[in-house]
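Single-structure report; data block below.
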Amino acid sequence: MTETFYDVLRRQGVTRRSFMKFCSLTAASLGLGPTLAPQIAHALETKPRTPVLWLHGLECTCCTESFIRSAHPLAKDVILSMISLDYDDTIMAAAGHQAEAALEEVMKKYKGNYILAVEGNPPLGNDGTFCIPGGKPFVEKLKHVAKDAKAVIAWGSCASWGCVQAAKPNPTNAVSIDKVITDKPIIKVPGCPPIAEVMSAVVTYVVAFDRIPELDRQGRPKMFYSQRIHDKCYRRPHFDAGQFVEKWDDEAAKAGYCLYKMGCKGPTTYNACSTTRWNEGVSFPIQSGHGCIGCSEDGFWDKGSFYDRLTSIPAFGVEANADTVGLVAAGVVGAAVVAHAAVTAIKGASEKRAPTKTEEK
């Protein structure tokens, strides 16, 4: 019999109270109400651990680096307890033929019941020979493992969109995994890399509820990608007040003003950076003094310099523009007065016009 998550925790000496607290924290990290904590607990008590196969294509391994630093829940709890990470050629002990044998064994034993997690993307150029893990083109390996998976998770912008490997002119013809896997539900968790807690929470949700989370039209979990970074950014009041950093290290930068003019893409980027943040909630790029580069959005690598200012966002600064707004308003009122006077004059003139011959008769 396959152990459940709760079985593993009990064996590790975790108390019932600590287990329930963990479920409550997990529900909170998922953006769910506290009433769903018992449902999560029941699922983790009764369901066997879910096998996960983690593949690596063209990428820099930053998604794995992010995932193993998750704190809510801890990555070790996700890897060793919630799921059974049976294949990950980056962090697994086995290598070579042993690793590939383990992959095939899990696919056969848990056919239709394992999760495929993909980091990186497949290059299609030159018959896929730009990425050869285990002696085969990655695109072939991806198709092979995906055919019996119950769900697929695309980790990071590489798997979700193609990322820098697919940047123009894209000599390897690197593509996102949904261009290759077309018959399976794909959960896209973009970012370069994604936030650690977002990654572990997505896995937790799938394991606990045995279904994929609600996705937006681009395939991203709404619980983490439904708001722009700009919407909850702590520098947002400065944006609204028209207080912007004009150049690096000026007094406005030292005062923590908005980085919009320095190219920050927060107004057009959907992610949880400004709420969940990084390094156990310590900070995120904007808080560290650098504008958002929009790394969770499709095509961010081909949209010019990261320091080019967005031109489609109308900035309205209450303090900086109050006088201007007042003058504009006065101008509008003045124009209305002039227009009214002109209409009155025309009306008066028409009333005083000379009578026609018909009227004279």
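Counted as qualifying within segment 203-314 are the helices (runs of 4 or more DSSP H) with 3 or more residues that are closer than 30 Å to T46 by Cα, namely 222-225. The residue pairs whose first member lies in segment 165-181 and is among the charged types (D, E, K, R), whose second member is in a loop (DSSP other than H, G, I, E, B), and whose beta carbons are closer than 9 Å, counting only pairs six or more residues apart or on different chains, are D178/G219; K179/P122; K179/L124; K179/G162.
Listed residues D216, D250; which is acidic (D, E) and assigned by TED's automatic domain parsing to the domain that holds P193? Just a single option satisfies the conditions, and that option is D216.
Would you say C233 is touching a residue at least 40 places away in the same chain (Cβ under 8 Å) and closer than 27 Å to N126 by Cα? Before the answer, list the steps.
Details: touching a residue at least 40 places away in the same chain (Cβ under 8 Å): yes; closer than 27 Å to N126 by Cα: no.
Here the answer is no, as C233 does not meet what is asked.
The residues of segment 288-299 that are at pLDDT 95 or above and on the phi < 0 side of the Ramachandran plot, listed by number, are H290, G291, C292, I293, C295, S296, E297, D298. Of the listed requirements (1) of a type outside the set (D, E); (2) surrounded by fewer than 16 Cβ atoms within 10 Å (Cβ to Cβ); (3) within 30 Å of L30 (Cβ to Cβ), G291 misses just one: (2).
Which is in a loop (DSSP other than H, G, I, E, B) and hydrophobic (A, V, I, L, M, F, W, C), of I187, I181? Criteria check complete, one pass: I181.
Provide a single number: the residues in segment 2-31 that are under 28 Å from the mean Cα position of the chain (by Cα) and in contact (Cβ under 8 Å) with a residue 12 or more places away in the chain.
Going through segment 2-31, the residues under 28 Å from the mean Cα position of the chain (by Cα) turn out to be 5, 21-31.
Next, from what is left, pick out any that are in contact (Cβ under 8 Å) with a residue 12 or more places away in the chain: 5, 22-27, 29-31.
Selection size over segment 2-31: 10.
Just to verify a result, which residue in segment 160-178, among those that are part of a helix (DSSP H, G or I) and within 16 Å of V139 (Cα to Cα), is nearest to the chain's Cα centre (by Cα)? Only one residue fits best here, namely S160.
The values are calculated or read from the model by the stated rules, or taken from the named source; none is laboratory data. These numbers come from a predicted model, not from an experiment. Quick reminder, even Gly has a Cβ in these numbers, built from the backbone with ideal geometry, and neighbours come from all protein chains shown.
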